[in-house]
Amino acid sequence: MGITLHLLLHSDRDPIPDVPAVYFVMPTEENIDRICQVFDQYLNFITLEDDMFILCHQNKELISYHAINRADIQDTDMEAIMDTIVDSLFCFFVTLGAVPIIRCPRGNAAEMVAVKLRENLRDARNSLFTGDNMAAGQFSFQRPLFVLADRNVDMATPLHHTWTYQALIHDVLDFHLNRVMMEEGAGAEPSPAGARPKKKSRKTYDLTAADKFWQKHKGRSVQEEEEIRVVCCHFRDQNESGLGEDEGAIQHAVRQHSQAHLCRQRAPSESDLEQYKKALLDAGCDLSPLNYIKQWKAFTKMAATPANYGNSGVKPMGLFSRVMNTGSQFVMEGVKNLVLKQHNLPVTRILDNLMEMKSHPETDDYRYFDPKMLRGSESSIPRNKNPFQEAIVFVVGGGNYIEYQNLVDYTKSKQGKKVVYGCSELFNAAQFIKQLSQLGQK
């Protein structure tokens with residue numbers, strides 16, 4: 001390799017610019033910190049798939065849905081959360097080697113992220129997005145579209161019982177960072193009298209690109225009767241290994257009722273609502289998630305009330321109403337059928353509108369940012385008029401494998417298109433319900 005200089009990692013040494021370096025070290029935190037002092041690292045994100053990434057795993061509660069949406073959040077706290085998200089997205093685009101066209105909705109956390117990210121990319125465009133950096137990018141021939149979405153645009157999908165393998169494993173097993181942990185039974189033989197019961201051993205499985213079987217089947221739907229039987233065994237085993245049968249039923253009831261409440265076009269009558277609440281309370285359910293959803297829907301309905309635009313006759317329809325009335329109804333169809341039909345989820349539909357340059361009420365008012373352009377009014381920026389071939393979708397407030405798989409299926413139907421899915425954190429239904437419960441208790 002032509003190595004001519006050997007140095008100890010922690011020794012004092014003069015900088016040697018533009019020279020490749022090979023580090024042979026023990027993987028300790030001290031050694032990694034020392035290496036980070038030497039190089040500019042833009043690695044503040046985690047790639048789970050070739051077309052999927054998340055921002056962080058440790059301390060993810062700092063940028064969680066709960067953290068963003070809690071009622072007592074201060075402006076300084078929100079600024080800190082947005083800065084954390086923007087710093088990680090900046091790292092992503094530096095690594096990608098591309099300056100995207102940014103689209104986002106108005107009036108929510110996604111817009112705050114978009115504005116801050118535009119400024120960061122604009123300030124760095126002459127230093128980090130030139131020459132070799134751009135040549136190394138995946139999207140070298142056409143600038144990608146970057147679509148920012150807010151989790152509140154579709155709160156029903158994360159609560160859905162899905163029937164694709166990857167999403168299902170994330171739903172019912174201890175699955176994070178592409179590793180699933182399962183407890184193995186202690187065996188049928190009872191322990192001798194007076195002896196301590198045998199501890200259950202935990203075994204881990206890495207579900208990565210190296211596992212060809214996993215890669216082939218992770219996006220498949222559970223369709224055959226035998227497959228459904230195996231899946232039901234997973235739910236049964238989960239109950240037997242720590243989540244009691246009653247507790248599992250309670251979680252399921254809250255989850256299903258939350259879905260129904262989100263997807264209803266009309267709110268249930270007060271008498272029906274009281275009956276639902278009584279039945280859930282009698283079953284021992286925590287109604288905090290439902291309390292938050294009710295408050296959130298009331299606020300959204302108020303915010304979506306058409307304003308008076310003089311004599312123009314324009315009555316803008318609220319984004320929530322547009323999405324829920326035409327998009328998430330499929331969730332309730334999926335509750336009734338084990339196998340989901342092919343539908344575009346709200347996030348996928350938004351991407352399709354923006355990627356194909358379609359005029360649609362759902363996305364016509366989305367903001368348009370081009371970090372390569374000099375500062376000026378948004379309306380004066382020349383816009384790309386051709387459909388995009390590459391796109392990144394990012395959900396502020398958390399994402400899930402259901403949306404990811406829906407985007408994968410969408411991409412397969414669009415020849416030549418490339419789509420990457422990202423989110424501030426990755427949660428399953430139980431984890432999302434827990435955050436809703438915390439918000440509903442305040």
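Numerical summary
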{"quantity": "Filter on Lys116/Lys372; Lys60/Lys294; Lys60/Lys434; Lys60/Lys301; Lys358/Lys417; Lys358/Lys414 - keep pairs with C-alpha separation over 20 Å", "calculated": "Lys60/Lys294; Lys60/Lys301"}
{"quantity": "Potential lengthening between Lys414 and Val180 on full extension [0.36 nm per residue; Cα-Cα distance subtracted]", "calculated": "81.1 nm"}
{"quantity": "Fraction of alpha-carbon pairs over 20 Å apart in the range 1-66 - percent", "calculated": "50 percent"}
{"quantity": "At R0 = 35 Å, FRET efficiency that the Cβ-Cβ distance of Thr300 and Thr208 yields, to 0.05", "calculated": "0.35"}
{"quantity": "Within-11-Å neighbourhood charge of Gly107 [Cβ basis; K, R +1; D, E -1]", "calculated": "-1"}
{"quantity": "Relative packing of 105-115, 206-216, which averages over residues the other C-beta atoms within 10 Å, highest first", "calculated": "105-115, 206-216"}
{"quantity": "The range 378-442: C-alpha gyration tensor shape, a/c 1.5 cut-off, then a/b vs b/c", "calculated": "oblate"}
{"quantity": "Sites Asp282 and Arg70 - FRET efficiency at Förster radius 41 Å, r taken between beta-carbons, to 0.05", "calculated": "0.90"}
{"quantity": "Cα→Cβ-extended label distance, 7 Å offset, between Asp272 and Leu374, nm", "calculated": "5.9 nm"}
{"quantity": "By average C-beta atoms within 10 angstrom, highest first, the peptides 425-435, 5-15", "calculated": "425-435, 5-15"}
{"quantity": "Eligible lysines near Lys412 by straight Cα distance, threshold 17 Å, same-chain separation 8 or greater", "calculated": "Lys216, Lys218, Lys341"}
{"quantity": "Estimated distance in nm for a label pair at Leu5 and Ala430, the labels positioned 7 Å out from Cα along Cα-to-Cβ", "calculated": "5.3 nm"}
{"quantity": "Net charge, Arg179 excluded, C-beta distance under 15 Å - Lys, Arg +1, Asp, Glu -1", "calculated": "-2"}
{"quantity": "Most to least packed among 405-411, 390-396 [average Cβ atoms within 10 Å]", "calculated": "390-396, 405-411"}
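Any read-out appearing in this document is the output of simple, stated calculations on the displayed coordinates, not a laboratory observation. The model shown is predicted, which means the values in this text are computed figures rather than measured ones. Counting neighbours? That spans all protein chains shown, and the Cβs are built from the backbone with ideal geometry, glycine included.
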